[in-house]
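Peer 1: Sharing a structure, written as C-alpha cells. Questions coming.
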Amino acid sequence: MIKQFLKPNWRKILLFIILLIFFIGLKRNIRLGDVFFTARGYPLPFQSSNGAIDNLISYIFLFINLIFWYLISCFIIWIYNKLKKKHA
C-alpha cells in the first residue's frame, strides 16, 4: 500500500512540479524577535532576502520542502483515484 502510494507516475510528478514552482517561489516576511526578513520557501524558509542559500540548515529545509510537496502530490492523486473509483 505505502509502496504504491509513493511510487512515482506522470501525474504525481506533474503535480509535484506545479506545487513546487508555486510554493517554493512564494516569498513571505518572517519575524524573529525584532528582526524582519524576507524568505523564500514554504512550509520551511530556505532562502534569505539576499537571494543566497546561506548554510547547511537551508539545504536541509529545502530537502524537507521537496519531500513535503511530493507527499502532498501523492496524497492528492490518491484522493483523486479513490473518488474516481467510487463514482465509476
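The values are calculated or read from the model by the stated rules, or taken from the named source; none is laboratory data. Since we're looking at a predicted model, the values are computed, not measured. All Cβ positions, glycine included, derive from the backbone under ideal geometry; neighbour counts span all protein chains shown.
Peer 1: Residues 73, 48: which one is surrounded by 14 or more Cβ atoms within 10 Å (Cβ to Cβ), modelled with pLDDT of 75 or more and either under 18 Å from residue 24 (Cβ atoms) or touching a His at 6+ places or on another chain (Cβ under 9 Å) (or both)? Before the answer, list the steps.
Peer 2: Details: 48 fails: modelled with pLDDT of 75 or more.
Exactly one residue qualifies, and that residue is 73.
Peer 1: Something else: Do we have residue 85 as among the charged types (D, E, K, R), modelled with pLDDT under 90 and assigned to a helix (DSSP H, G or I) here?
Peer 2: Working: among the charged types (D, E, K, R): yes; modelled with pLDDT under 90: yes; assigned to a helix (DSSP H, G or I): yes.
Yes; evaluated as a whole, the condition is true for this residue.
Peer 1: If I filter region 12-24 for residues that are in a loop (DSSP other than H, G, I, E, B) and either among the hydroxyl-bearing types (Ser, Thr, Tyr) or at pLDDT below 95 (or both), do I get at least one hit?
Peer 2: Of all residues in region 12-24, those in a loop (DSSP other than H, G, I, E, B) come to none.
No, region 12-24 has no match at all.
Peer 1: Quick one: in region 1-29, of everything that is surrounded by fewer than 12 Cβ atoms within 10 Å (Cβ to Cβ), basic (Lys, Arg) and over 15 Å from residue 44 (Cβ atoms), which residue is nearest to the chain's Cα centre (by Cα)?
Peer 2: Among residues in region 1-29 that are surrounded by fewer than 12 Cβ atoms within 10 Å (Cβ to Cβ), basic (Lys, Arg) and over 15 Å from residue 44 (Cβ atoms), the one nearest to the chain's Cα centre (by Cα) is 7.
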